[in-house]
Structures are given as C-alpha cells and as structure tokens.
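**Q** Got a structure for you, questions after.
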Amino acid sequence: MANVTIIGAQWGDEGKGKVVDWLASRADIVVRFQGGHNAGHTLVVGNQTYKLSLLPSGLVRGKLGIIGNGVVIDPVALLAEIERMRTQGLMVSPETLRIADNAPLILPVHAAIDAARETARGDRKIGTTGRGIGPAYEDKVARRAIRVCDLAEPETLDWRLDELLLHHNTLLAGLGAPIFEKAALRAQLLALAPQILPFAEPVWERLAAARKAGSRILFEGAQAVMLDVDHGTYPFVTSSNTVAGQAAAGSGIGPDAVGRVLGIAKAYCTRVGSGPFPTELFDETGRRLGERGHEFGTVTGRPRRCGWFDAALVRQAVKVGGIQGLALTKLDVLDGFETLKIGVGYMIDGAMFKHLPPGAAAQAKATPMFETIEGWSGSTRGARSYAELPAQAIKYIRRVEELVECPVTLLSTSPERDDTILMQDPFAD
C-alpha cells in the first residue's frame, strides 16, 4: 500500500486539517512529524469542531495517532489538549496515541526565553507565537534538550536541568527577565512523568512493523514550506523543516516510506505574523477575502493577512517540498469576484524574478507581477464534481496548474468534509 505525506504549500493555515481528516479515514496510522503546539488544525465533523495543536488529526477518525521525534512537545499543553478532546467525546489513551520516546520537551523556561527575546527585538519581531518552540529546537541541536525518555530517569533529569538552566538563566538575566529554579522545574517534570510515559515508546519500531504489514501511513505536516527553517522566508520562519523530507527524519522511517506528497494551498494566499508577503492586499478586496474565508489563526486567534494566489511562491514550494499533487482549498471564497489576480513573479530593483530570493532585503523589496483572470458569478461552494463548477472556475484551476507546474489532484469547496473533488487518489500505488 502507498503512504501519503501532507504538507502546506504556502505559509500555513491552508486547510490541512480538513484534507488530513478526509484522507485519515482511509489510513491506518497518522503521524505528526515536526512542529509543536504553535500550529493548529481545525476539523469539523458533524456538529463537532475539534481544534488540534499537537494531537494527530487521525485520532478524530479512530485511527492510531503517533507524535514523532521531530515534534517538540510541551507536556502541559499536550495533557490539556488530551483532556479537552476527552470532554468532546474523543477517546485518547495509550491505545490510540503513541509518542516517540526520543522527542524533545518544551519547558516553561523555553516560553520565557521566546517572549523575552521577541520583546528585545522591538520593531524587528519575527512574529513567534511565544510558546517556546524555537528555543526547544535550539536545545535539541545544542544537545542539551530534555527528552521524553528522560522523564523515566530522575538522575538524568537532574544533570540535564543543570546544563539547561546554566544556559537559559544566563540569557534570561541578560534580558532582564526572571530566572528559573531547578527544584521547581524538576518537581514539575517528575509529577508529569507518570502521565506522559504510558504513551511513550520507540515509535520507529511500530512504524517499521506497520510498513512491513502493508498498513497505510499518513504523515501530517504542520506550518508550510515557506515557513521551513531552510527554504522559507528566513528569518520569518518556524524552527523546523516543514518539507516532505522531514517526514522520514521526524518519525524514524526511511525516506522511501514517505510515499506520495500532497501539498495544500488556498485558492488565494494568507499569512499570520511578520515577514514578506508580496501579493498581500491592504484594500477592500483583502478585507473581503479575510471575512469570507474566516481568516483567524486556529492557535493564536490572530487575524491573517490576505492576498492573491502567489503562483511563483507555490511553484517554489512544489520544487523544494517534493510536492507531487496539489490540494486547492477554499475555492468558494473567490465566488463572485469579477476579476481575479495571480502572482506570477516579482520585480526587484528592476530585475524580474520567478522565485522569491533568500535575501531579506530582496524579499522586502519584491513587487508582485500579476496576471489578471476573469472571475465567475456562479457558486462553487459544496461542489463535489468538476461538472458542478462554473467554467471560469475550471479555467482558474487549470491556469494555477500551469503556473505552479503541478497538477491539482484534490479540490475543497467548503469546510464540510465531503465537499471535496478528488481527481487522483493519493493512496493509489
């Protein structure tokens, strides 16, 4: 059986939750492989709305959920999310959720560092959520992280806290922020241990066995390619790799197991927080897109910046992200526009670029080059076949395919799970 990896193809918030939920019904296991509780998916199932941050979306469909080693885990946030899901009638237990025993933990000190540094940046803020994601990843690569497995070893926890606090308390003091006491952190972690450890295991073994048995595995990404720490609009990015290649490294499985890569993109474009956004609209059209698309962050509640579809950006994401098929969401938000625009490149200092260059100054100066296309007066909302779409909407989709050099293989026409048009089954061998 083929596996599927789902990643965002813009700056996140593309509607991955619905697509993951829709595909999870046909998978056996759903794996989160990067990010933390700074990302969120909203799933609408019947009259229930689930807002997930750390938990794999497949849990809503009764599938086994795995949080891989590429995720940084705030144990307090995870337990709170589990409890919140239980109050909504969702069964979350060690039988339905497994956590990589080598996944790094986010501690209160990480959030404190995150907030203190963001404040110190002044008008050069990155736009972090302040939840400690970045500092936790820094500790991981600096080899001072506390991991899930350390909760089972109080003696290991003891000396790791010494090393971690030596670094972070020095930083906090230098930033004029309160420092942390080791005893309090140690006591908190030891109290959390019996609640977290029942979920922990070497998930790479489970995934290897599942693969051998022919199980279908769905790898679920957070954020999106243009927030990738290497390939995104650096430094206005997240602190992990969001491309499909991370699905293997972040879950402990070979790169040949990643399977078919599906990229999710809105039919327009949004971004939360700071950073370049060449096709952003500051006029009534931008406000109309935001209102019709209900553009507010799942985790932060922050209003999203809105703009026209940036085909040059998505083409870049297709190439570096390994995307083989595009899932286009929220097409219905474009209903009723007389004309639409698609970004096809950028002008920077009089030169034309078909990609967004990595330099921060160049990105800030990028002026979008637009192609205008006729809109449609009919409705696409709720369509479940191409035959139900207005002819001009089909032309828009075809033009997107040409510009991003990738086929649209799935189309979402409303938040409802079944309002989906599937042109190519990503699970097909």
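The values are calculated or read from the model by the stated rules, or taken from the named source; none is laboratory data. In this text the structure is predicted, and so the values were computed from the model without any measurement. Using ideal geometry, Cβ is built from the backbone for each residue, glycine included, and neighbour counts are taken over all protein chains shown. Note: accessible area is taken over every heavy atom of the protein model, side chains too, but ligands, DNA and RNA are not part of it. Shrake-Rupley method; radii C 1.70, N 1.55, O 1.52, S 1.80 Å.
**Q** With a 10 Å cut-off between alpha carbons and a GNM built on the chain, which of Arg160, Arg315, Arg271 moves the most?
**A** In this elastic network of the chain, the residue with the biggest mean-square fluctuation among Arg160, Arg315, Arg271 is Arg160.
**Q** Based on DSSP H runs of at least 4 residues, each adding -39500 (n - 2.57), what is the mean residue ellipticity at 222 nm of the chain after dividing by all its residues, to the nearest 500 deg cm²/dmol?
**A** -9500 deg cm²/dmol
**Q** So how much slack lies between Lys182 and Ser25, counting 0.36 nm per residue of separation and subtracting their Cα-Cα distance, in nm?
**A** 52.1 nm
**Q** Might you tell me the accessible area per residue for the stretch 18-114, computed with a 1.4 Å probe and given in Å²?
**A** With the other protein chains kept in place, the stretch 18-114 gives 28 Å² per residue.
**Q** Same structure, new question: Sequence gap at least 6, Cα distance under 8 Å: using those rules, report the relative contact order of the stretch 279-421 to the nearest whole percent.
**A** 27 percent
**Q** Same structure, new question: Taking 0.36 nm per intervening residue step and subtracting the Cα-Cα distance, what contour gain separates Thr49 from Glu338 on full extension?
**A** Roughly 100.7 nm would be gained on extension.
**Q** Once label points are set 7 Å from the Cα along Cα→Cβ at both Ala362 and Val76, what is their separation, rounded to one decimal in nm?
**A** Calculated label separation equals 4.3 nm.
**Q** Given a cut-off of 25 Å, what percent of all Cα-Cα pairs of the stretch 41-179 lie beyond it?
**A** Cα-Cα pairs in the stretch 41-179 separated by more than 25 Å: 37 percent.
**Q** What residue among Asp283, Asp13, Asp150 shows peak mean-square fluctuation when the chain is described by a Gaussian network model with Cα springs under 10 Å?
**A** Most flexible of the set in this elastic network: Asp283.
**Q** Something else: Relative contact order for the chain: what is it in percent, counting Cα pairs under 8 Å that are at least 6 residues apart?
**A** Once normalised by length, the contact order is 20 percent.
**Q** Continuing with the same structure: Pairs of lysine in the stretch 1-150 with Cα under 22 Å and at least 8 positions apart or on different chains: total?
**A** 5
**Q** Another one. Which whole-Hz couplings ³J(HN,Hα) result when phi for each residue of the stretch 218-233 is put into the Karplus expression 6.51 cos²θ - 1.76 cosθ + 1.60, θ = phi - 60°, listed in order with x for Gly and Pro?
**A** 10, 9, 10, x, 10, 6, 6, 4, 7, 10, 5, 5, 9, 9, x, 7
**Q** Need one word for the stretch 1-100: rounded, prolate or oblate. Basis is the Cα gyration tensor (sqrt eigenvalues a ≥ b ≥ c); a/c below 1.5 gives rounded, then a/b vs b/c decides.
**A** Rounded.
**Q** For the stretch 159-211, what does the alpha-carbon gyration tensor say about shape, rounded, prolate or oblate, given a ≥ b ≥ c as the root eigenvalues, a/c under 1.5 as rounded, and a/b over b/c as prolate?
**A** Prolate.
**Q** In addition: For the chain, modelled as a GNM with alpha-carbon contacts under 10 angstrom, which of Arg32, Arg86, Arg384 fluctuates the most?
**A** Looking only at Arg32, Arg86, Arg384, the biggest GNM fluctuation is shown by Arg86.
**Q** Using only the alpha carbons of the stretch 212-262, determine the length spanned along each of the three principal axes and report them from longest to shortest in whole angstroms.
**A** If we take the Cα atoms of the stretch 212-262, the spans are 42, 18, 13 Å.
**Q** If you don't mind, there's one more thing I want to ask. At a 1.4 Å probe, what is the % contribution of carbon and sulfur to the accessible area of the chain?
**A** Roughly 53 percent, rounded to a whole number.
**Q** Can I ask one more? Would you mind checking which residues have amide H under 5 Å from Ala103's amide H? H placed 1.01 Å from N; only 5 or more apart, or other chain.
**A** For Ala103, whose amide H was placed from the backbone, the distant partners under 5 Å are Val148, Cys149.
**Q** Can you tell me how the stretch 385-429 classifies by the Cα gyration tensor, rounded, prolate or oblate, using a/c under 1.5 as the rounded cut?
**A** It comes out oblate by the Cα gyration axes.
**Q** Normalised by the number of residues in the stretch 282-357, what is the relative contact order in percent for Cα pairs under 8 Å and 6+ residues apart?
**A** Across the stretch 282-357, relative contact order equals 30 percent.
**Q** Cα convex hull of the chain: mean projected area in nm², to one decimal?
**A** One quarter of the hull surface, i.e. the mean projection, equals 20.3 nm².
**Q** Just how large is the dipole of the chain about the Cα centre, in debye to the nearest 20, putting +1 at every Lys and Arg Cβ and -1 at every Asp and Glu Cβ?
**A** Charge dipole of the chain: 200 debye, to the nearest 20.
**Q** Enter the accessible area per residue of the stretch 213-280 (Å², integer; probe 1.4 Å; all protein chains in place).
**A** Value returned for the stretch 213-280: 25 Å² of accessible area per residue.
**Q** Another question, if that's okay. Ratio of Rg to Rh for the stretch 111-151, alpha carbon only, Kirkwood?
**A** 1.08
**Q** Go through 239-247, 167-175 and give me the packing order, highest mean Cβ count within 10 Å leading.
**A** 239-247, 167-175
**Q** In addition: Let me understand the stretch 177-324 better: what is its radius of gyration from the alpha carbons, and its Dmax, in angstrom?
**A** 19.9, 54
**Q** Given H placed 1.01 Å from N in the peptide plane, which residues other than close sequence neighbours of Leu64 have an amide H under 5 Å from its amide H?
**A** Result for Leu64 returns Val30.
**Q** Follow-up. Search the structure for amide H atoms under 5 Å from the amide H of Val45, placed 1.01 Å from N in the peptide plane, and list their residues when 5 or more places away or on another chain.
**A** For Val45, whose amide H was placed from the backbone, the distant partners under 5 Å are Tyr50.
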